[in-house]
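Everything on this sheet refers to the single structure shown next.
The values are calculated or read from the model by the stated rules, or taken from the named source; none is laboratory data. Source: prediction; values computed, not measured. Neighbour counts run over all protein chains shown; Cβ positions are idealised from the backbone, glycine included.
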Amino acid sequence: MAMNPSKLKPIDIVRLVNSTQLQAVLNDRQLRRHRDRAGFRITDDGGQSLNLFKYAAWLREQLLVRETAPVQTYESKKAAVRNRNIALAIAGRDIGELPEVVDPERKKLAERSFRLFCESYFPETFRLGWSKDHLKAINKIETAVLRGGLFALAMPRGSGKSSLAEAACLWSMLYGHREFVMLIGATESAALETLESIKTELDVNELLGEDFPEAVFPIQSLDGIANRCAGQLYKGERTRIVWTSNEIVLPTIAGSKASGAVIRVSGITGRIRGMKFKKPNGRSIRPGLVVIDDPQTSESAGSLEQTRKRVRVLAGDILGLAGPGEKISGIMPCTIIRPGDMAEQILSKEKHPEWNGERTKMLYKFPSNTKLWDEYADLRAEGLRCSGDIHEATEFYAAHRAEMDEGAEVAWADRFNHDEISAIQHAMNLKLQDEVAFWSEYQNEPLPEDLGSEEQLSIDGVIHKLNGRGHLDVPVGCNRITMFVDIQKALLFYVVCAWEDDFTGYVIDYGAYPDQRRRYFSLADANPTLQSVSPRDGIEGSIYTGLEKLTGDYLGREFVRDDGAMMKIERCLVDANWGASTDVVYQFCRQSKYSNIILPSHGRYIGASSKPMSEYKKAVGDRIGHNWRMPNVAGKRAIRHVLFDTNYWKTFIHSRFLVSMGDRGCLSLWGREPEAHLLFAEHLTAEYRVKTEGRGRKVDEWKMRPENNDNHWLDGVVGCAVAASMCGAVLPGTDSQKPAKAKTRLKLSELQKQRKKTENL
């Protein structure tokens, strides 16, 4: 078959060339490589077939080039490869030319208008219409960023205050209003979540990418790989971008207003002092704007000490971030959780006028037609119980909307759920769902805690119950000193009290073993612990060692009374309620050299429905006191112990702190500095009493406050009072507390005389 040399298939070329006397000189792979290098120079029909003559001419050309080319050494070849690889690496790291700004007019108009910035670049986030409160907040934020100042705003939950804070950070940085923004949260994890949201906007927000390519394009060029930051180039220069979990540094681009802008995060209780950042030109910058987003937790809001600590951090560490002689701008969106918490203090224009505090509400006026809303509440509750929805209640509201809305004034008319038809209905549903939470989280007017009809002891009531005496001083009227040790896995909490005969008491010492060496701590963050100071012992062994050291320090000590008399602790009770420590407590009390002073103790929760201790059957050998008893025991735990009614004695202690100074039965603390006893006061007020009826009697039942976890010094003072009662202290007016007369012991000879007299009769 005739072949056309100008139109040969690749396989035919290979066969033809290899059919000479030289045999195999070409293979498919070599031919493919030659075709890639020669391109269309060796074909006539666009690459479908090959021209044998053009192919031969091209091969001859390549041979001549090789013969005339200078001979390369190994070193020159290696250098060529290296330079080629460097060029390829640079080409891969360089982001190339920046895209043009899509809408320069939009970008320019939003530069001095925070509201327009939010509307233009975050349409999905701020999709609902603005309320008057939103516009007020926006104006305040704008003023703080552009002209300086401090601004605190309490807004209802779900009002978008955190979103406004995030947008404020981006607006400040992208336009160069602020070089260094500090973002602070209630905890570091909360602040990191906010920063992550800001990073997401910079990475995926198309509108920001369109108008801010100088800042956003280099970030998007990372493709989510933070390791590329160090090597990223723009026109051969490093962008110096930083993209870590707690910090963002925008790319350094010549002519960009956002060049090298910094945002860094921290928790309010973390390391804040000394924040600074060094620019590529060697200039150090400090934060110019601080955004404090919800600076408190439910736990911190319920703690006076934590609240005061955060207020101090805010006034000192945070407002001092700008450096000497400089003022920092600040924005603090917040929610009032409890009366007197950090948010409420900062919002007070009397206490902190510098923050220009503003409170907003969900409902400024409530509906006046309460009767229809009561019917609505019944329908809503029935619907949720039966079908799990509120459609019947919504239909009722729709039919009577005009009457039910009368008198109401809602802050944000666009805020309601899909199964609701108005913001007023939404607000009333939240109120019906949980009224306490509604007033706190949506009205920013938390209700005072109603913890029973009886007067409750407050933290301020404890810390101001000071007698001005020195630490460990014993007043002249005291005849006994008692001690109580509360056993926990990590710590031993102890209290020492001095008592007069009429139950006038003085707390002369309290603390924890091992010593925490700080004013504020909790059991959860204890350091050191029993286990850390006794690393070779197990849990029981470390408790035993701790008791031995603690009681050795105190039970052998002499206390000087005002008249010079030397006194020692008369009775020490040790908590034996914790199951893991009960046996070791009993063992320690038996083996201690102070076994005549130490007794294991068990607090019993005797509620209204429980049988009172006064009705317990007395056995032979039992010792009965006022709401305490010492049963006669035998067997494994052959050591006396005491049982007491915790509900009664907690009421007793709280009542003693409520007694005015100077009156008999008053309980007070040493010293003159109220703040020194803040943590102690939190322990004593960690529980509240509820008056309960049962079995024909009224009883105070004590319950833990949800925000508190530590009540150990309350147990300690209670134990000291029980020990004082065992030693003979009596509160005047409590007849049942009068000590029983000791029975007269008869001698054997007297018994025999009496028997003889009886026989003679």
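Cβ separations smaller than 6 Å between residues 6+ apart or across chains give the following pairs from region 288-315 residues that are touching a residue at least 60 places away in the same chain (Cβ under 8 Å) to residues that are of a type in the set (G, A, S) and not in a loop (DSSP other than H, G, I, E, B): L289/S172; L289/S329; V290/G330; V291/A165; D293/S162; D293/A165; D293/G185; Q306/S300.
For region 166-188, the set of residues classified as crowded, with 24+ Cβ neighbours inside 10 Å and under 20 Å from the mean Cα position of the chain (by Cα) consists of M182, L183, I184, G185, listed by residue number.
Go over the candidates L16, L31 one by one and state the one that is part of a helix (DSSP H, G or I), in contact with a Pro (Cβ under 8 Å, 6 or more places away or on another chain) and among the aliphatic types (A, V, I, L, M). Spell out the reasoning first.
Values: L16 fails: in contact with a Pro (Cβ under 8 Å, 6 or more places away or on another chain).
Among L16, L31, only L31 is part of a helix (DSSP H, G or I), in contact with a Pro (Cβ under 8 Å, 6 or more places away or on another chain) and among the aliphatic types (A, V, I, L, M).
The set of residues in region 486-515 that are free of Cβ contacts under 8 Å to residues at least 24 places away in the same chain and not small (G, A, S) contains only D515. Residue by residue through region 172-215, note down the ones that are touching an Asp or Glu at 6+ places or on another chain (Cβ under 6 Å), closer than 18 Å to V145 by Cβ and aliphatic (A, V, I, L, M). Once the filter is applied, which keeps residues that are touching an Asp or Glu at 6+ places or on another chain (Cβ under 6 Å), closer than 18 Å to V145 by Cβ and aliphatic (A, V, I, L, M), region 172-215 yields only I198.
Residues that are at pLDDT 85 or above and touching a Ser or Thr at 6+ places or on another chain (Cβ under 7 Å) were ranked within region 676-701; the one that is nearest to K309 (Cα to Cα) is E682.
For the residues P535, P528, the requirement of being outside any helix (DSSP H, G or I), within 30 Å of S303 (Cβ to Cβ) and without any contact (Cβ under 8 Å) to a residue 24 or more places away in the chain singles out P528. Picking from residues in region 222-251 that are touching a residue at least 24 places away in the same chain (Cβ under 8 Å), surrounded by 18 or more Cβ atoms within 10 Å (Cβ to Cβ) and more than 29 Å from D317 (Cβ to Cβ), the one that is nearest to the chain's Cα centre (by Cα) is P251. Of all the residues in region 320-351, those that are touching a residue at least 24 places away in the same chain (Cβ under 8 Å) and not in a helix (DSSP H, G or I) number 20. Taking region 27-55, which residues are within 13 Å of P10 (Cα to Cα) and among the small types (G, A, S)? Listed by number, the residues that qualify are G47, S49. Taken over region 672-716, the criterion of being surrounded by 15 or more Cβ atoms within 10 Å (Cβ to Cβ), part of a loop (DSSP other than H, G, I, E, B) and of a type in the set (G, A, S) is satisfied by A686 alone. Set side by side, the residues D389, D378, D374 differ, and just one is in contact with a helix residue (DSSP H, G or I) (Cβ under 8 Å, 6 or more places away or on another chain), surrounded by fewer than 21 Cβ atoms within 10 Å (Cβ to Cβ), under 30 Å from M404 (Cβ atoms) and of a type outside the set (G, A, S), which is D389.
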